[in-house]
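K.L.:
A single structure is presented below for examination.
The values are calculated or read from the model by the stated rules, or taken from the named source; none is laboratory data. Here the structure is a predicted model, which is why all the values come from computation and not from measurement. FYI the Cβ positions are ideal-geometry reconstructions off the backbone, even for glycines, and counts take in every protein chain you see. Ligands, DNA and RNA are excluded from the accessible area calculation, which covers all protein heavy atoms including side chains. Shrake-Rupley method; radii C 1.70, N 1.55, O 1.52, S 1.80 Å.
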Amino acid sequence: MIEQRYRTDILVVGAGPAGVAAAFRAAESGARVLVVDDNPQCGGQIWRADSKKALDKDATKWLDRIRDSSVKFLGGLKVFDRPEPGVMRAEGFDQVVACRFEKLILATGARERFLPFPGWTLPNVTGSGGLQALVKAGLPIEGKRIVVAGSGPLLLAVAGYLKERGAKIQIIAEQTRRFDLVKLGLRLLKCPKKLQQAFDLKMKLQGIPYLTNCWPVSASGRNAVESVTLQQGPKEWAVSCDYLACGFHLLPNTELAELLGCRIEKGSVWVDEFQETSVQGLYCVGESCGVGGLELALVEGEVAGWAATNLKEKARERFSERRKWRGFAAGLNRAFELRRELKKLPTPETFICRCEDVPFSRLQSEHSWRSAKLQTRCGMGPCQGRVCGPATEFLFGWKTESVRPPVFPVRLGSFVPSSAGDAPAES
Amino acid sequence: MPEFVTIWINGSAVRVPAGTPVSIAVLMAGHSEFRRSVSGEPRGPLCGMGICMECRVQIDNQAHCRSCQILCQEGMTVRTHD
Ligand SMILES: Cc1cc2nc3c(=O)[nH]c(=O)nc-3n(C[C@H](O)[C@H](O)[C@H](O)COP(=O)(O)OP(=O)(O)OC[C@H]3O[C@@H](n4cnc5c(N)ncnc54)[C@H](O)[C@@H]3O)c2cc1C
Ligand code: FES
């Protein structure tokens, strides 16, 4: 396959809010900026293109800004390797791209955490944000019965969205304790914008039971999920459904940063006050350096965009706002910490690694991620441990080990491509 | 851009709005099973965002394509496990 080459001053990986804000601010000084995303369209998770509904004002403002700027966007390309310093390589369905850059901004966002329980591998058991993404892309959901479960504010956003699209939300099951939510609620009082959002959501979700201290213990069905059993305290009961949308809060996507040698702290990419990582000239913004929501992603993106183009004074002007949203994020993440009881959900037969179908019983005798990989092939499949890695970290306390290229599975030809001429990024 | 495109899923024509990911076309055509796992279980999309690899299908004779990240193109041929 022919390799298409680009050259740019600033390369941004990820076109969610953080990447969009970073790219826009970096381009203000006249730098050539190229943004690459695995998704075909700009917007990341929260501003994912919606086939039925127009995006909100904030999203439209930022996406218009990018469209009308000199920033070049390439969609449908996953960045998987750094063949040499200053070059990143990406693969699409029918192309390979290499991009030479002066500075790199990683804005790779977060993914949902999935926890194994009997039946979690059935078709139509999806992530909560996962089901939302499918519906935004055009999946008809009208009249479908849906159980939303897991943890985090995303459950409420997803339930609200699906209800608006005509789904019948049976129940929202949140694993955390009511007490922790009340504490979070008190924090909201200091954040008028968030309080308003929470109030609007509550109105939208009127009539739908929101149970705390509650989680799915199993899902069942013949070819796809038909019913889910929920537990709350001593009570267990079954709810029939067409979809179980289940995700346990979010996890930063750090694989690319790890590949590039960036320091990782508590599961997030470490950054300094200008969002620069431990590797010089390499910045990280948005949820890959800590789950914190839209506002934090935007402000971090702006800081990095300015800092990477030597407009540090402008970047500084955003520090106090960033501090506010980081404080809010810390409270949020504490409120949705996982409870130990969830470790008891898998039975011996439950597959923990979905790519290689490795059951819980085979992992119980292993003592580390490395031994599990070698002995059972856990984490050796095409998702490269993105799903089972965090699950085994929670279940067994294992730390996943160093990342090697490619960070996504690619065709052999993409890894060792033939070359074509340098094509400068249009700016 | 045309408003609709037609793709072929397991030999049947499916018409979807242009810009629809292959995963959605497969679900709209009534398949919840995208692939069989190594031990033979039916599997379908989990993450919806390109990381879990559960939505893999064959597209234009290329195996293991993540259908949630690839948009339907006129005339594309898709094979799920069937
Ligand atoms: C599934 C999901 C649904 C969500 N829905 C909501 C919601 O409804 N409401 C809400 O308030 N918050 C939602 N969130 C939280 C939301 O993601 C954040 O608030 C915010 O969007 C974070 O912005 P970001 O730019 O950091 O990351 P993201 O928006 O996640 O953007 C990261 C981008 O990087 C790309 N990327 C990652 N790795 C690579 C790579 N190697 N190569 C190329 N591209 C790559 C991804 O495709 C993605 O587009 C959701 C999160 C997830 C995971
Ligand atoms: S649904 Fe997870 S990769 Fe497509």
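K.L.:
Could you give the Stokes-Einstein D for the range A:304-384 in µm² per second, using the C-alpha Kirkwood radius, 10 °C, 1.306 mPa s?
P.N.:
My calculation gives 95 µm²/s for D.
K.L.:
Something else now. Give me the base-10 log of I(q)/I(0) for the range A:277-422 at each q in 0.08, 0.14, 0.17 Å⁻¹, Debye formula, one uniform scatterer per Cα, rounded to two decimals.
P.N.:
-0.38, -0.92, -1.03
K.L.:
Right, something else. Go through A:Lys61/A:Lys314; A:Lys144/A:Lys190; A:Lys183/A:Lys235; A:Lys72/A:Lys399; A:Lys266/A:Lys373 and tell me which ones have a Cα-Cα distance over 27 Å in this structure. Working shown, then result.
P.N.:
Working: A:Lys61/A:Lys314 20 Å; A:Lys144/A:Lys190 37 Å; A:Lys183/A:Lys235 25 Å; A:Lys72/A:Lys399 37 Å; A:Lys266/A:Lys373 22 Å.
Going by Cα-Cα distance, A:Lys144/A:Lys190; A:Lys72/A:Lys399 fall outside the 27 Å limit.
K.L.:
How shielded is B:35-43 by partner chains, expressed as the average number of their Cβ atoms within 10 Å of its Cβ atoms?
P.N.:
Mean partner-chain Cβ count within 10 Å for B:35-43: 5.
K.L.:
Kindly provide log₁₀ I(q)/I(0) values, in the same order as q = 0.10, 0.13, 0.19, 0.23 Å⁻¹, from the Debye equation applied to equal alpha-carbon scatterers of the range A:204-329.
P.N.:
Here the Debye-derived log intensity ratios amount to -0.52, -0.70, -0.96, -1.27.
K.L.:
Below 8 Å between Cα atoms, with a sequence gap of 6+, how large is the relative contact order for chain A in percent?
P.N.:
Reported relative contact order: 21 percent.
K.L.:
Considering only A:Arg165, A:Arg222, A:Arg318, give the residue with the highest GNM mean-square fluctuation for chain A, with springs between Cα atoms whenever their separation is below 10 Å.
P.N.:
Result: A:Arg222 has the largest fluctuation of those listed.
K.L.:
Enter the buried accessible area of the A/B pair, total of both sides, probe 1.4 Å, in Å² rounded to the nearest 100.
P.N.:
Answer for the A-B pair: about 3000 Å² buried.
K.L.:
Going through the range A:243-278, which GluC sites (Glu not before Pro) have at most 12 other Cβ atoms within 10 Å and a DSSP loop state?
P.N.:
A:Glu273
K.L.:
Which lysines have a Cα lying under 22 Å from the Cα of A:Lys78, excluding residues fewer than 8 positions away in the same chain?
P.N.:
Output for A:Lys78: A:Lys103, A:Lys136.
K.L.:
With no solvent and one equal point scatterer placed on each C-alpha of the range A:1-135, evaluate the Debye formula and give log10 I(q)/I(0) for q = 0.09 Å⁻¹, two decimals.
P.N.:
-0.31
K.L.:
About the Cα centre of the range A:1-156, how large is the charge dipole given +1 on each Lys and Arg Cβ and -1 on each Asp and Glu Cβ? Please answer in debye to the nearest 20.
P.N.:
220
K.L.:
Something else now. Peptide A:381-390: average number of partner chain Cβ atoms within 10 Å per residue?
P.N.:
3
K.L.:
Could you work out the mean projected area of the convex hull around the alpha carbons of the protein assembly as shown, in square nanometres to one decimal?
P.N.:
With the hull built on Cα positions only, its mean projection is 22.3 nm².
K.L.:
Relative to the longest principal axis of chain A, what angle (0 to 90°, nearest 10) does the C-alpha long axis of helix A:192-204 take?
P.N.:
Rounded to the nearest ten degrees, it is 50.
K.L.:
The range A:202-258: percent of C-alpha pairs farther apart than 13 Å?
P.N.:
Details: 1143 of 1596 pairs.
Roughly 72 percent, rounded to a whole number.
K.L.:
Ranked from highest to lowest mean number of other Cβ atoms within 10 Å per residue, what is the order of the peptides A:365-375, A:14-24?
P.N.:
A:14-24, A:365-375
K.L.:
Mind checking A:114-125 for the average number of partner chain beta-carbons within 10 Å of each residue's beta-carbon?
P.N.:
Values: counts 3, 0, 0, 0, 0, 0, 1, 8, 5, 13, 4, 3.
Mean inter-chain Cβ contacts per residue within 10 Å come to 3.
K.L.:
Kindly rank A:198-205, A:350-357 from highest to lowest mean number of other beta carbons found within 10 Å of each residue. Walk me through the numbers before you get to the answer.
P.N.:
Numbers: A:198-205: 13.2, A:350-357: 22.8.
With the highest mean Cβ count within 10 Å placed first, the list reads A:350-357, A:198-205.
K.L.:
On to the next question. Taking the Cα centre of the range A:167-289 as origin, work out the dipole magnitude from +1 charges on Lys and Arg Cβ and -1 charges on Asp and Glu Cβ, in debye rounded to 20.
P.N.:
On the way: 14 positive and 13 negative charges, 157 e Å.
The calculated dipole for the range A:167-289 is roughly 760 debye.
K.L.:
Could you pull the Rg and Dmax for the range B:4-79, using just the Cα atoms, both in Å?
P.N.:
Radius of gyration, then largest Cα-Cα span, for the range B:4-79: 11.4, 37 Å.
K.L.:
Ordered by packing density, taken as the mean number of other Cβ atoms within 10 Å over each peptide's residues, highest first, how do B:32-38, B:11-17 rank?
P.N.:
Working: B:32-38: 17.3, B:11-17: 13.6.
Sorting B:32-38, B:11-17 by mean packing, highest first, produces B:32-38, B:11-17.
K.L.:
Something else: I need the phi-derived Karplus couplings for the range A:342-353: 6.51 cos²θ - 1.76 cosθ + 1.60, θ = phi - 60°, integer Hz, Gly and Pro marked x.
P.N.:
Residue by residue, the range A:342-353 yields 5, 5, 8, 5, x, 9, x, 7, 4, 5, 9, 9 Hz.
K.L.:
At 222 nm, what value in deg cm²/dmol follows for the protein assembly as shown if DSSP H runs of at least 4 each add -39500 (n - 2.57) and the sum is divided by all its residues, to the nearest 500?
P.N.:
Result for the protein assembly as shown: -8000 deg cm²/dmol, rounded to the nearest 500.
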